[in-house]
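S.K.: Pasting in a structure now, in structure tokens, and then I'll have a few things to ask.
The values are calculated or read from the model by the stated rules, or taken from the named source; none is laboratory data. Note that the coordinates shown come from a computational prediction; the quantities given were computed from them, not determined experimentally. Neighbour counts are summed over all protein chains in view; Cβ atoms, including those assigned to glycine, are modelled from backbone coordinates with ideal geometry. When the accessible area is computed, the model is the full protein with side chains, heavy atoms only, and any ligands, DNA or RNA have been set aside. Shrake-Rupley method; radii C 1.70, N 1.55, O 1.52, S 1.80 Å.
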Amino acid sequence: QVHLVESGGGLVQAGGSLRLSCAAFELTFSSYVMGWFRQPPGKEREFVAAITKSGGTTSYADSVKGRFAISRDNAKNTVYLQMNSLKPEDTAVYYCAAARSPLAFSRRYEYDYWGQGTQVTVSS
């Protein structure tokens with residue numbers, strides 16, 4: 001059974017950094033596009049970043065461009081999200097997701113598997 005397990009969330013002050021990790025189990029990892037989404041309190045889940053199967057192409061939401069970086073290590077079945085210059089509005093539960101052949105990286109329903117999420121809280 002496929003499992004995606006996120007880690008690395010926590011409480012950080014504005015301007016700080018966090019690195020999220022997502023380990024995949026029972027998944028042919030290199031055959032999947034990997035994405036990060038987030039759900040702020042009381043809001044819909046939204047796209048953050050995605051990376052293609054080989055890691056050659058990345059995509060970001062406008063709100064995180066220049067501050068966040070997605071990467072992957074196919075040998076370790078792990079995808080990362082480096083978050084710098086964090087803002088209070090980045091506070092959310094962050095989810096990683098895997099998609100076999102998405103037509104668009106930012107569409108939630110294109111993703112086949114989801115993790116349970118990790119809380120990121122940015123204090124002002």
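S.K.: Can you put Asp112, Asp62, Asp90 in order of accessible area, largest first, using a 1.4 Å probe?
M.R.: Greatest to least solvent exposure: Asp62, Asp112, Asp90.
S.K.: Tally up the carbon and sulfur contribution to the accessible surface of the chain as a whole percent, 1.4 Å probe, everything protein left in place.
M.R.: After summing per-atom areas, the C and S share lands at 45 percent.
S.K.: OK, next. Give, in nm to one decimal, the length gained when the segment between Lys65 and His3 is fully stretched (0.36 nm per residue of separation minus the Cα-Cα distance).
M.R.: Going from the current span to full extension adds 19.5 nm.
S.K.: Right, another one. Please list 3J(HN,Hα) in residue order for the range 30-45, calculated via the Karplus relation 6.51 cos²θ - 1.76 cosθ + 1.60 where θ = phi - 60°; whole Hz, with x for glycine and proline.
M.R.: 5, 9, 10, 5, 10, x, 10, 10, 9, 10, x, x, x, 10, 6, 5
S.K.: Take every DSSP beta bridge whose two residues both sit in the chain, then give the antiparallel share in percent to the nearest 5.
M.R.: 90
S.K.: Taking the alpha-carbon distance from Lys76 and a cut-off under 23 Å, which lysines remain once sequence neighbours fewer than 8 residues away in the same chain are dropped?
M.R.: Filter leaves Lys53.
S.K.: By how many nm would the segment from Gln119 to Lys87 grow when fully extended, if each residue of separation counts as 0.36 nm and the alpha-carbon distance is taken off? Mind showing how you got there, number by number?
M.R.: Working: separation 32, 0.36 × 32 = 11.52 nm, distance 1.43 nm.
Stretched fully, the Gln119-Lys87 segment lengthens by 10.1 nm.
S.K.: Quick one: if you stick a label point 7 Å off each Cα along the C-beta vector at Arg100 and Thr58, how many nm between them?
M.R.: It is 2.8 nm.
S.K.: Round to the nearest 10 and report in Å² the accessible area of Phe105, as given by a 1.4 Å probe over the protein chains' heavy atoms.
M.R.: Phe105 has an accessible surface of roughly 50 Å² with all protein chains in place.
S.K.: How much length is gained if the chain between Asp73 and Glu46 is pulled fully straight, taking 0.36 nm per residue apart and subtracting their Cα-Cα distance, in nm to one decimal?
M.R.: Roughly 7.3 nm would be gained on extension.
S.K.: Now for a separate question. Convert each backbone phi in the range 81-93 into a coupling constant with the Karplus relation 6.51 cos²θ - 1.76 cosθ + 1.60 (shift: θ = phi - 60°), then list the ³J(HN,Hα) values in order as whole Hz, x for Gly and Pro.
M.R.: Running phi through 6.51 cos²θ - 1.76 cosθ + 1.60 with θ = phi - 60° gives 9, 8, 10, 10, 6, 5, 10, x, 6, 7, 4, 4, 8 Hz.
S.K.: Leaving out ligands and nucleic acids, and using a 1.4 Å probe, what accessible area per residue does the chain come to in Å²?
M.R.: Accessible surface, normalised per residue, equals 51 Å².
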